[in-house]
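Note sheet for the following structure.
Since every read-out is calculated from the coordinates, none of them should be taken as a lab result. These numbers were taken from a predicted model, which means no experiment stands behind them. We place every Cβ from the backbone using ideal geometry, glycine too, and count neighbours over all the protein chains shown.
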Amino acid sequence: MQSDLVIKENELLDPSNYPEEQRSLVDDFNSRIRRLMGIITGIGKEYHTIWVINANTKKMYLYRSTGENTNRYAVELGFRFDNYDRFIEEYIDRCVVNSIESIQRDAKIDVVFSRIKDGDLYTLDYMRLADDGNMSYHQMAFALAGQPGETENFILAFRDIDKSIRKHISDKRYLREQLDIVETLSRDYYNIFKINPKTGDVVILKLDGYVTKGMEGAGEKIYPYDVLYKQYVKDRVYSEDQDWMYDAISLETINRKLLDNSEYVSSYRVMDKGEVHYYQFTYILINSNIPNSDMLAGFKNVDDIVASAKERENLEILASTDIMTGILNRGSGERKVIDAMANNKSGMLCILDVDKFKNINDELGHNVGDKVLRRIADVLKMTFRDDDIIFRLGGDEYAAYVMNLNDEESGRVVMDRLFKEIARMDIPELGDRKICVSAGAVFSKDSEKRTFEELYKLADSGVYESKKISGSALNFR
């Protein structure tokens, strides 16, 4: 077979070569040829191989093959099996490598004609095995070879769509990574990034908001996460929240947060043109079932939500969050505990206080003290369960309501684990200094109808007794 197959287009008839009484028939013939040529020419702009098939006889002939991206073996099949049913069966069996049964069904003549009978274009996409043994995305298209109701012929055309499909898949992977979780993130967040948790490589998926120095917009370029996030915090985050943010969105913290949860969310403040605005970040694992799965990070302005929450006095997001530590603040924490008690959810109320915290602030500075407070909050979140209620009372005091924990033995196990985690906190500025906490705990039981205030006073008295003991200690009341 020659390297280039080119079938000459049908030539129009010259009416002057025919008797006058036949010229109307010649004109009608030429008109039909022009319509057919128009359809084929339109398809020919994109499709490299075009066959014409008679729907009644099912006989097919090659109208045109440009040679570009043509599957030579498929063309040979068309010459060998010039019956459409036989050709399509052989072609799909030998060249199509995915969804074979559905392609065979959808390429049957009765199905094809039901889709093109009104003049529509009907296409089928599939993976094709090429002559060189490689697989690529391909498409076959069907169209009437004339006007609806006036022709028995139809067109079968082929084209290579590998580049466009692969780009589409790549673009889609930016926003979805073949998982549904990205849809919500893409809809709600201005800036979205994909991060490799091991290497720290960042790819920008969406950049509709603030652009950090050094970024060029969404694309395939890889950026270093450590450089980008530190630049963002420095340029964008409100000064009082910067130290917390450096730690909160460091790769180390994020990886730790996502060990047990597929999502890590918190709020912070941004300084923009002299005004403070409320923002929220979200980090999500793309696939929590795969170790070291890539993660997605989204950032958005939540001013409207915060304003609305304050107007309704329904303190949500920042209004219920302690901005320093990211856990619940005192008011929202107490309300949650009171609600739990009202719904007969028994548990252990624990209060803890950082020992000699004033010395840390005085000797090492408030920045170090703030870091200690944030790390303790992180340990509390890591130690207690999602259903438990943890909150900051203020200063260096925290509280936790541990659901369904009703005996001292179990309580000591939980608190000993907490003490060990606090002792293991790695804060370089502390040097050899170890953080210790004094805790007091009391149980809320269905049989003892105590108010929150009563439980709090009892637990607080336990803290007072623990202060008399060197090192981290717990007293039950």
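Taking label positions 7 Å along the Cα-Cβ direction at both Phe79 and Glu363, the computed distance is 9.2 nm, reported to one decimal. Here Lys194 is the anchor, and the lysines within straight C-alpha reach of less than 20 Å, apart from those fewer than 8 places off in the same chain, are Lys167, Lys172, Lys206, Lys213, Lys221, Lys230, Lys257, Lys300.
Going by neighbour counts of Cβ atoms within 10 Å, the residues Phe81, Phe443 line up, fewest first, as Phe81, Phe443. Listed by chain and number, the aspartates and glutamates placed with their C-alpha closer than 14 angstrom to that of Lys198 are Asp226, Glu252, Asp294; residues fewer than eight positions away on the same chain are left out. Taken over segment 349-466, lysine pairs spaced eight or more positions apart, or on distinct chains, with alpha carbons under 24 Å apart number 20.
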